[in-house]
Every structure is written in C-alpha cells, then in structure tokens.
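Below is one structure, written out as structure tokens, with a few remarks after it.
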Amino acid sequence: MKRPSLKIINYFKLLLNCDKNNIFLLLCIFAPVLMGAFTDLARAGDSFSLPIHYVITIFVAIIIYISLQFSITIGVIAMFIYLIFLGWLRRSLIPSTGFISNDPIILVSFVVSGLSFIRMLLQRKIPKYTIVSKYINILMAMMFLEVLNPFQGGIAVGFGGVIFRLVPIFWYLIGLDRGRRDTVSKIGVTIVIFSTIETFVGLSQTFLGFSEVEKFWIASGGGTQIVGSVKNIGVLYRSVGTLLSFSEYVYVLLLGAAVSWCMVISKKYIYLLPFTIIVIALVMSSSRGSIVSLIVMLVTTMAIQGKNYRSWMPRLFLAVILAFWGLTFSLEKAKDIEKSDQAQALIGHQIQGLSDPFGKASTGGSHISLVVNAILTGFTNPIGFGLGYGTLASKLGEGGAGSENDYSDMFLALGFPGGVLYVFICFRILINICKYWHDTRDYLALMSIAILVICQGQWISGAHYSQSMILWFIVGSMDRIIWLYRKKEKEIYSHDRK
C-alpha cells in the first residue's frame with residue numbers, strides 16, 4: 001500500500017502533466033487562490049482592484065501554462081507577447097482599478113515557469129545532462145539557500161528574489177527540456193515583429209506625447225526617466241512603449257536589432273528595414289549604453305564571420321576601428337542636422353555622453369564604479385546579502401540597491417562563490433555557442449551570440465521580464481541543440497572507428 005505522501009506526489013504529477021482529461025483539475029487547484037483573492041475584497045470595502053488583478057493573473061497563467069504543455073512554441077511565444085504588453089495592460093487597468101504598486105499581474109511568468117519547475121521536480125526530470133546545466137543546478141541550489149539570508153532585510157525580500165532571479169533560470173530549464181530548432185527560429189521572427197511594433201509606439205510617445213493614463217502612471221512612480229526640460233514642451237520623458245519600464249523597452253529593441261542584423265548577415269535583406277527602424281528608435285531613446293551595446297554586437301558578429309578562430313581577432317580589431325570611426329563621424333554630422341525640439345534634446349543627450357564617456361555629463365564612470373565596488377563587496381562578505389538584495393524586492397524590506405549589472409549583482413547577492421560561478425556559467429555558455437557556430441555555421445548560433453552579446457550584463461535582470469525570459473529560454477534550447485549535435489558527432493566517430 002502506498003504511503004499518503006506518495007499518493008499526494010502522484011496526484012500532483014498527474015495534474016501537472018496537463019492532459020486533456022485533467023485540465024479541469026488544474027483550474028480547480030486555483031480555486032483556493034481565487035477565494036483568497038476575494039477575501040481581500042472584504043477588507044478593501046468597495047475596492048475591486050486587487051481581486052480583479054488576481055483573477056487576471058490566474059486566468060492568463062492557466063491559459064499560457066496549458067498552451068505550453070500542448071505546444072512549446074505557442075506557449076513560449078504567448079508568454080513573451082504577454083510580457084511585451086504587460087506595461088500596456090497594467091496602465092490600461094488604472095482607470096478602472098487604480099494604480100497598484102505591487103501588482104500581481106507581473107507574476108504570470110513566475111507562476112507558469114514555477115509550475116513547470118515543480119513538474120520537473122516531482123517527476124525527477126530536472127535536466128542536468130549538459131556541462132552548463134550541471135553548473136546551473138549548483139547555482140540554483142545556492143540561490144534557494146540565499147532566500148534565507150538575513151542580511152537582505154527580511155524573508156519577504158528573499159522570496160521576492162525568487163521572482164526576479166530564479167524565474168529566468170526556470171525558463172532555461174524549460175528550454176533545455178523541450179526547446180527545438182523550429183521553436184528558436186520562430187521566436188527570432190517574433191522578436192523582430194514585436195520589437196518593430198515597439199519602435200512605433202515608442203516614437204509616438206516621444207513626438208506625440210503620452211496618453212493621460214500613461215501620464216498618471218508616470219506621476220504615480222511609473223518606470224520611465226526624465227531626459228530634461230525642452231522649450232515649448234516642458235518635461236521630456238523617455239519612451240516605454242508597451243513595456244513596464246524604459247530600461248526594458250530599450251533591451252527589447254536591442255533584441256530586435258540583434259536578430260534582424262543576423263538575418264541581414266544571412267542574406268535575408270528584407271530584414272534591413274526593421275533593423276534600420278529599430279536603430280533610429282534606439283538613437284531616439286537617448287540611451288547611451290544601448291548604442292555601445294549595439295556597436296559591440298555589430299563588431300562581434302562581423303568578427304566571427306571568419307572561417308577559423310585565428311581570423312577572428314584580426315577581424316575584431318578591424319571592426320572595432322571601423323565602428324568607432326563610424327560613431328565619431330556620425331556624432332559630428334548629427335550636430336549639424338536640423339531637428340525638432342524633442343529630437344534635439346534626445347540626440348544632444350546622446351552626443352554629450354558618447355563623445356566624452358567619462359566626463360561630467362556622462363554616467364559611464366559612475367556605472368563602472370558601481371560594478372567594481374559591488375564585486376569587491378562580494379569578497380568582503382563571502383556569504384552575500386541574499387537573493388533579493390539589489391532587486392525590486394528590496395522595497396519589501398531594508399535591502400539595498402543593485403549595481404545595474406548582472407555580474408556584480410551576483411557578487412552582492414550570493415557572495416564571491418556565487419558571483420564567480422555565475423560569471424563562469426555566462427562565459428561557458430558563450431564559449432559553447434561560439435564553438436558550435438565555428439563548426440556548423442548554424443544561423444541559430446549566430447542569432448544566440450548576437451542576443452547574448454547585446455544584452456551583456458543584463459541576462460538575469462529581474463526588471464526586464466520579457467528580455468530575461470526569452471533570453472534564457474533560447475540559451476536552454478541552444479544548450480540542448482548543441483548537446484544533441486555533439487552526441488551525434490561522437491556516435492559517427494565511434495561508428496567510423498569500428
């Protein structure tokens with residue numbers, strides 16, 4: 001006779017398999033959560049805001065989770081599109097439900113990936129057959145332990161850190177478990193389509209202004225930034241598109257630029273149009289770091305077009321010279337172009353920072369200082385400050401601010417053992433994909449390298465919900481593709497030796 005605990009585990013295994021016959025059971029399991037959400041209604045009087053947001057969260061999470069079980073491609077793309085429009089959805093609800101600072105609708109990715117992780121855990125099928133996955137399993141164990149770290153300002157901050165730092169890793173596991181070539185390819189096209197849509201939304205916000213709802217959201221502490229004051233316009237805010245923050249908006253555009261550029265290199269010249277549009281939007285975003293990331297990506301992808309490793313470094317050196325000559329030339333020409341007041345302010349902000357990256361008008365020096373100090377802090381406090389430290393979860397306790405870079409943030413959160421491990425994992429991922437590209441000239445490898453390079457230092461940024469989710473799913477899928485390729489190589493080699 002089976003023990004009761006085993007019966008419960010088997011029940012959840014059956015439930016999370018999400019077969020057609022037990023979808024109703026999956027809906028029922030959320031019933032207590034729905035009831036709990038409506039208990040907030042009794043406390044809130046006439047306010048329906050929080051329960052409505054709970055219902056939306058649960059409904060969307062169920063739909064995407066079910067889609068993920070029947071089709072990995074549809075499920076992942078649906079998740080990405082939801083996260084792209086998450087900011088728009090949240091702002092659209094303001095007139096009817098008001099502004100909610102800790103909005104549950106941002107938890108959909110956490111619920112979907114968390115259920116998938118629990119399913120793997122119960123079935124004892126957490127993938128660990130690649131070198132990268134073995135190290136990532138160690139990193140995950142360290143992250144779970146750091147949830148309990150008292151230095152972060154409370155256990156609530158630790159659990160918040162799970163949402164911001166472990167969810168991307170869950171998507172890696174999903175990609176490693178079920179990722180396929182056609183899925184990654186379709187994701188690339190989806191990225192280009194929706195990043196191009198974001199450019200039009202962002203440019204309209206820049207030149208036509210924000211809607212009344214968006215203005216209310218900004219006034220309530222929304223995630224955008226002030227560029228400065230412009231004559232005849234007043235305060236000029238940076239665009240956010242349909243996303244939750246200016247920073248995430250920029251990185252979604254960078255994803256689109258990376259994928260469309262790889263398409264152009266692969267002789268699909270139609271993608272030159274979206275690439276050009278996205279670059280214009282990046283310039284108008286007034287984000288200096290995005291321009292630097294774009295140049296690094298262009299330089300890297302051109303350098304690795306060489307037939308062998310020896311040719312990569314000379315090509316890289318030449319590409320760097322051409323890139324910075326082109327940047328200097330462009331900055332000089334941009335000063336003489338007649339522009340509207342908005343464009344003048346945004347482009348002037350770019351020129352001021354890029355032409356003197358360590359001057360008083362630039363924040364480059366302060367960013368480097370933050371990174372260096374955070375890494376050093378990781379060595380002085382080897383157990384770290386906790387998983388949620390430096391994330392948005394810090395506002396749930398007394399946690400501190402991050403360093404605006406993944407590598408140094410991991411030193412802060414996990415101490416030097418976790419920081420070193422994370423840097424090693426990132427390095428190993430890039431090396432693996434570069435080797436695979438060198439051997440196969442697979443377009444998916446080139447696209448992955450471009451995405452990883454252009455998002456360097458922001459792979460696991462908790463506030464970039466859409467970017468970190470799709471990046472880590474692609475990393476997991478590529479890890480699986482490369483493992484299968486190497487396995488086949490070994491089989492052919494063994495067969496030839498016989």
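The values are calculated or read from the model by the stated rules, or taken from the named source; none is laboratory data. Quick caveat, the model's predicted, so the values are computed rather than measured. Positions of Cβ are backbone-derived with ideal geometry, glycine not excepted, and every protein chain shown enters the neighbour counts.
Counting only residues that are out of contact with any Gly (no Cβ under 6 Å at 6 or more places or on another chain), of a type in the set (D, E, K, R) and either at pLDDT 90 or above or assigned by TED's automatic domain parsing to the domain that holds Arg91 (or both), how many does the range 184-223 have?
1
Just one of Gly158, Gly175 is closer than 20 Å to Ser461 by Cβ, at pLDDT below 85 and assigned by TED's automatic domain parsing to the domain that holds Ile481; which is it?
That would be Gly158, the only listed residue that is closer than 20 Å to Ser461 by Cβ, at pLDDT below 85 and assigned by TED's automatic domain parsing to the domain that holds Ile481.
From the list Ala445, Ala413, Ala393, which residue is part of a helix (DSSP H, G or I), at pLDDT 90 or above and not β-branched (Val, Ile, Thr)?
Exactly one of Ala445, Ala413, Ala393 is part of a helix (DSSP H, G or I), at pLDDT 90 or above and not β-branched (Val, Ile, Thr), namely Ala445.
Please tell me if Val147 is of a type in the set (Val, Ile, Thr) and within 20 Å of the chain's Cα centre (by Cα).
So Val147 does not fit the description; no.
Considering only the range 66-88, state which residues are among the hydrophobic types (A, V, I, L, M, F, W, C) and within 30 Å of Phe216 (Cα to Cα).
Scanning the range 66-88 gives Ala78, Met79, Phe80, Ile81, Leu83, Ile84, Phe85, Leu86, Trp88.
Among the residues of the range 93-106 satisfying the criterion of being out of contact with any Gly (no Cβ under 9 Å at 6 or more places or on another chain) and surrounded by 15 or more Cβ atoms within 10 Å (Cβ to Cβ), which is farthest from Ile429 (Cα to Cα)?
Filtering first and then ranking leaves Thr97.
One line per residue, one yes/no per condition, for (1) part of a loop (DSSP other than H, G, I, E, B); (2) polar (S, T, N, Q):
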{"residue": "Pro51", "(1), (2)": "no, no"}
{"residue": "Ala61", "(1), (2)": "no, no"}
{"residue": "Leu68", "(1), (2)": "no, no"}
{"residue": "Gly75", "(1), (2)": "no, no"}
{"residue": "Arg90", "(1), (2)": "no, no"}
{"residue": "Ser96", "(1), (2)": "no, yes"}
{"residue": "Ser101", "(1), (2)": "yes, yes"}
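Test of understanding: among Val283, Val279, which residue is farther than 22 Å from Leu430 by Cβ and modelled with pLDDT of 85 or more?
Val279
Within the range 452-471, how many residues are under 17 Å from Val192 (Cβ atoms) and part of a loop (DSSP other than H, G, I, E, B)?
Going through the range 452-471 one residue at a time, the tally reaches 1.
Each row is one residue, and each column tells you yes or no for (1) buried (at least 24 other Cβ atoms within 10 Å of the Cβ); (2) modelled with pLDDT under 85.
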| site | (1), (2) |
| --- | --- |
| Gln456 | no, no |
| Tyr465 | yes, no |
| Ile474 | yes, no |
| Met478 | yes, no |
| Ile481 | no, no |
| Lys487 | no, no |
| Glu491 | no, yes |
| Arg497 | no, yes |
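Quick check, is Ala463 touching a residue at least 40 places away in the same chain (Cβ under 8 Å), within 28 Å of Asn373 (Cα to Cα) and small (Gly, Ala, Ser)?
For Ala463, the condition - touching a residue at least 40 places away in the same chain (Cβ under 8 Å), within 28 Å of Asn373 (Cα to Cα) and small (Gly, Ala, Ser) - is met.
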